[in-house]
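A quick write-up on the structure given underneath.
The values are calculated or read from the model by the stated rules, or taken from the named source; none is laboratory data. Here the structure is a predicted model, which is why all the values come from computation and not from measurement. For neighbour counting, all protein chains shown are included, and Cβ atoms are generated from backbone atoms with ideal geometry for every residue, glycine included. Quick note on the areas: whole protein, heavy atoms, side chains included, nothing else; ligands and nucleic acids left out. Shrake-Rupley method; radii C 1.70, N 1.55, O 1.52, S 1.80 Å.
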Amino acid sequence: MNEKKQFDLLCESGAISRFRTALKELLIRSELDEKKLHEVTLAVDEALANVARHGYKGEAGRIQVEVADCEDRIEILIRDFGKFFDPTSIPSPELPPSKPGGLGIYFMKTVMDGVVYRRGKKNANELILVKRKQA
Amino acid sequence: MKIHQRQDKGVQIYEVEGEINFHNSPDLRDRLHEAIARREQKILIQLRKVSYIDSSGLATFVEALQKTKKYQGHLVLTELMPAVKSVFEIAKLDGIFSLAGSLESGLNLLRSPG
């Protein structure tokens, strides 16, 4: 593994924006190409938006993010302590969408190579996103 | 995110600058809904300075498109950066919206009869 970093943040716009900047810097160091870097950022953003919307319902709850830059892939674990919510259980929306919303989870599944949900310690929601460095 | 608004010969133009995400897309929605409430016939949204958009931003545009269509209005998006365009493509929305590569071609789309 090249690098592993943990972020502790509050689920609010300023903290998430700062985290996104730090994540991009880390992904640039990981030598992901620009397209994949954009896709990972999009997936993480969608995951965090889901935590804000469904897990914490607008409250500034705690989020932990672990980013592991491995030899062949990037692994990102997003942990929150909000309401139980398994995004992988949501069916894919009709495309093109005939109504607004519901696209976030589809984006995650489409741009990432792996999306896994599990229940962590203390009933935390844990979402693991995996992106392979090579196609 | 900043939104600059102007009018050009009957076309309501919104130029958006920055990132469109879960936190600020409600502001964009509110601004577009002002135009929709006035039943503006021709709305053009310039995205040349938008570096990032997530699903909430797309949802905002989908909703605006649906509402303008209800009163036979027209909505055109122009100058999408590659990263933004790829998000539209993932959602298969690139064929649903009227997209133009330049402001001029966007204005032409809105001004052409039919």
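Exactly one residue out of A:HIS38, A:HIS54 is buried (at least 16 other Cβ atoms within 10 Å of the Cβ) and over 13 Å from the mean Cα position of the chain (by Cα), and it is A:HIS54. Applying a threshold of 9 Å to beta carbon distances and a minimum spacing of six or more residues, or different chains, the list of pairs starting in the range A:121-135 at a residue that is farther than 13 Å from A:CYS70 by Cβ and ending at one that is of a type in the set (Ser, Thr, Tyr) reads A:ASN125/A:TYR117; A:GLU126/A:TYR117; A:LEU127/A:THR88; A:LEU127/A:TYR117. Could you please let me know if A:GLU46 is among the acidic types (Asp, Glu), under 19 Å from A:ILE128 (Cβ atoms) and touching a Phe, Trp or Tyr at 6+ places or on another chain (Cβ under 6 Å)? The answer is yes for A:GLU46. Just name the residue that is most open to solvent (accessible area, probe 1.4 Å) out of those in the range A:4-31 that are within 18 Å of A:ARG73 (Cβ to Cβ) and either part of a helix (DSSP H, G or I) or modelled with pLDDT under 90 (or both). Step by step, filter the range A:4-31, then rank; the result is A:GLU31.
This table checks each residue for (1) without any contact (Cβ under 8 Å) to a residue 40 or more places away in the chain; (2) among the small types (Gly, Ala, Ser).
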site	(1), (2)
B:GLN46	no, no
B:ASP54	yes, no
B:ALA59	yes, yes
B:ALA64	yes, yes
B:LEU75	yes, no
B:THR78	yes, no
B:ALA83	yes, yes
B:ILE90	yes, no
B:ASP94	yes, no
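Scanning the range B:14-43 for residues that are assigned to a loop (DSSP other than H, G, I, E, B), open to solvent by less than 50 Å² (accessible area, probe 1.4 Å) and closer than 30 Å to A:LYS57 by Cβ yields B:ASN21, B:ASN24. Only residues that are open to solvent by less than 20 Å² (accessible area, probe 1.4 Å), more than 9 Å from chain A (Cβ to nearest Cβ) and not aliphatic (A, V, I, L, M) were counted across the range B:47-70, and they come to 2. Out of the residues in the range A:64-98 meeting the condition of being among the hydrophobic types (A, V, I, L, M, F, W, C), more than 11 Å from the chain's Cα centre (by Cα) and open to solvent by less than 50 Å² (accessible area, probe 1.4 Å), tell me which one is nearest to the other protein chains (Cβ to nearest Cβ). That would be A:LEU95.
Tallying residues that are over 11 Å from the mean Cα position of the chain (by Cα) and either facing chain B (nearest Cβ under 8 Å) or of a type in the set (D, E, K, R) (or both) within the range A:112-130 yields 5.
Looking only at residues in the range B:85-109 that are at pLDDT 95 or above and open to solvent by less than 30 Å² (accessible area, probe 1.4 Å), the one that is nearest to B:LYS9 (Cα to Cα) is B:LEU107. If you check B:GLY73, B:GLY10 for being touching a strand residue (DSSP E or B) at 6+ places or on another chain (Cβ under 9 Å) and modelled with pLDDT of 95 or more, only one passes: B:GLY73.
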